[in-house]
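Participant: The structure that follows is given in the form of structure tokens.
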Amino acid sequence: MSDQFDVIEAGGRGRRRWIGLAVVLTLLVIPAVSLLLSRDPGSGLPTPSSTAPIRSLTRIDNGPHALRVPARTKGHDEIIDVVFPDGRRAEVRYPADLDLNELGVRPFQGAWIDGQFRRLGVPYNGVAEVTGGGRPIRSYGPDVTLWPRQPGSGGEGQTLLFVFGQWRVVMQDPGQGLTFDQRMALARELRGRTTKDGFLVLSGKGSVRLAGHGATAQGDPVGPQLWFGGGVREVVALVPMPDCARKARLPSVIAGRGYPGEWTCQGDVEIAVAGSADFRKRALAGIRVTLGR
């Protein structure tokens, strides 16, 4: 060991001191630089308050950002248990060849903030749809950030991005948008929790009122919904709708896709479908929903 130290300290006394100091500084600086470089200052994303993974939720950074629900088989059908964003449970039965659970499911919920209507949804392709690789305008807390309007989004306005566990929920804020105080209240009063099977349940208080079953806004159903699929794939929307035969309308997720959509009522549930003619026919005829209490 003495030979090794002799090599490091070779030379005069003053030089040995400078060399020793340089070695110590190097040992301190390198870990510090490595720590700084390991951070991602450009992401600008809120940090989840809970990082516990949901095993059946696909990766949030590379869409689709959707939940794949384990299915059980019964004859030629598959059955999955789902939870709507208001906490109501349901059993969904469908022909196995529809692969409904493989499409992945996302929640949708309409809300009023001080009487102004807004939509709360989950971006199918993850936060990239909102951030565009940029930085947020403002943070309203550890789990709520404001993002600028993305090019090509028309009059959608700025976007609020919420983190609820492993879910990312967006709220478009069109026009002049909510005031700073309203956004701060929304950040405090909108809450989300994840069920043990991975579904998102939302709640609001104070200035935040969530749309109930059968609610509409500008003729569009805006109560709690579950959307299967997205992107260029088929889409199925399940919409609890009391007096469905009289009140049902084609949901925006179906109507705005640029190809034919259809819907049917099954008791107090609207089933709306977009996709090929064959898929629509099989889905409308084969999907059965039993609502829990």
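Laboratory data are not the source of any read-out in this text; all were calculated from the coordinates shown. Because the structure is a prediction, the values reported are computed rather than measured. Every residue, glycine as well, gets a Cβ built from its backbone with ideal geometry; the counts of neighbours run over all protein chains shown.
Participant: Rounded, prolate or oblate: which one fits segment 72-291, using the alpha carbon gyration tensor with axes a ≥ b ≥ c (rounded when a/c is under 1.5, else prolate when a/b beats b/c, else oblate)?
Facilitator: On the way: a/c = 1.74, a/b = 1.67, b/c = 1.04.
Here segment 72-291 falls in the prolate category.
Participant: Can you give the extra length, in nm with one decimal, that the chain gains between SER276 and GLU91 once fully stretched, where that is 0.36 nm per residue apart less the Cα-Cα distance?
Facilitator: Values: separation 185, 0.36 × 185 = 66.60 nm, distance 2.49 nm.
Additional length available on full extension: 64.1 nm.
Participant: Residue separation times 0.36 nm, minus the C-alpha to C-alpha distance between ILE137 and GLU156: what's the value?
Facilitator: Values: separation 19, 0.36 × 19 = 6.84 nm, distance 1.59 nm.
Net length gain for the segment: 5.2 nm.
Participant: Moving on. In square nanometres, what is one fourth of the surface area of the convex hull spanned by the alpha carbons of segment 167-293? If you can, show how the numbers build up before the last one.
Facilitator: Details: hull surface 38.1 nm².
The number I arrive at for segment 167-293 is 9.5 nm².
Participant: Sticking with this one: Once the piece of chain linking THR216 and ASP114 is laid out straight, how much longer is it, given 0.36 nm per residue of separation minus the C-alpha distance between them? Mind dumping the intermediate values first?
Facilitator: Details: separation 102, 0.36 × 102 = 36.72 nm, distance 1.69 nm.
Full extension of this stretch gives 35.0 nm more.
Participant: Extending each Cα 7 Å along its Cβ direction at ARG257 and ALA128, get the distance between those two points in nm, one decimal.
Facilitator: Result: 2.1 nm between the two label points.
Participant: Still on this structure, I have one more. Mind sorting PHE84, PHE180 by how few other Cβ atoms lie within 10 Å of their own Cβ, fewest first?
Facilitator: Details: PHE84 25, PHE180 11.
By the 10 Å Cβ count, ascending, the order reads PHE180, PHE84.
Participant: Same structure again: As an exercise, identify the trypsin sites (Lys or Arg not before Pro) in segment 188-262 lying in DSSP coil whose Cβ has no more than 11 other Cβ atoms within 10 Å. Spell out each step's value before the answer.
Facilitator: Details: sites: ARG188, ARG191, ARG193, LYS196, LYS205, ARG209, ARG233, ARG246, LYS247, ARG249, ARG257; in loops: LYS196, LYS205, ARG233, ARG249, ARG257.
Those satisfying the criteria are LYS196.
Participant: Classify segment 94-141 as rounded, prolate or oblate from the Cα gyration tensor: take a ≥ b ≥ c as the square roots of its eigenvalues, call it rounded if a/c is under 1.5, otherwise prolate when a/b beats b/c and oblate if not. Don't skip to the answer; put the middle values down first.
Facilitator: Details: a/c = 4.40, a/b = 1.57, b/c = 2.80.
Since a/c reaches 1.5 but b/c is at least a/b, the shape of segment 94-141 is classed as oblate.
Participant: When the Karplus curve 6.51 cos²θ - 1.76 cosθ + 1.60 is applied with θ = phi - 60°, which whole-Hz ³J(HN,Hα) does each residue of segment 179-192 get, with x for Gly and Pro?
Facilitator: 6, 4, 5, 5, 5, 5, 5, 4, 4, 7, 9, 8, 10, x
Participant: Next question, about the same structure. When THR194, THR290 are ordered from fewest to most other Cβ atoms inside 10 Å of their Cβ, what list results? Don't jump to the answer; show the numbers that get you there.
Facilitator: Numbers: THR194 19, THR290 13.
Final ranking by Cβ density, sparse to dense: THR290, THR194.
Participant: Tell me the label-point distance for the pair GLU189, LYS205, using the 7 Å Cα-to-Cβ offset, in nm and rounded to one decimal.
Facilitator: Label at GLU189, label at LYS205, 1.1 nm between them.
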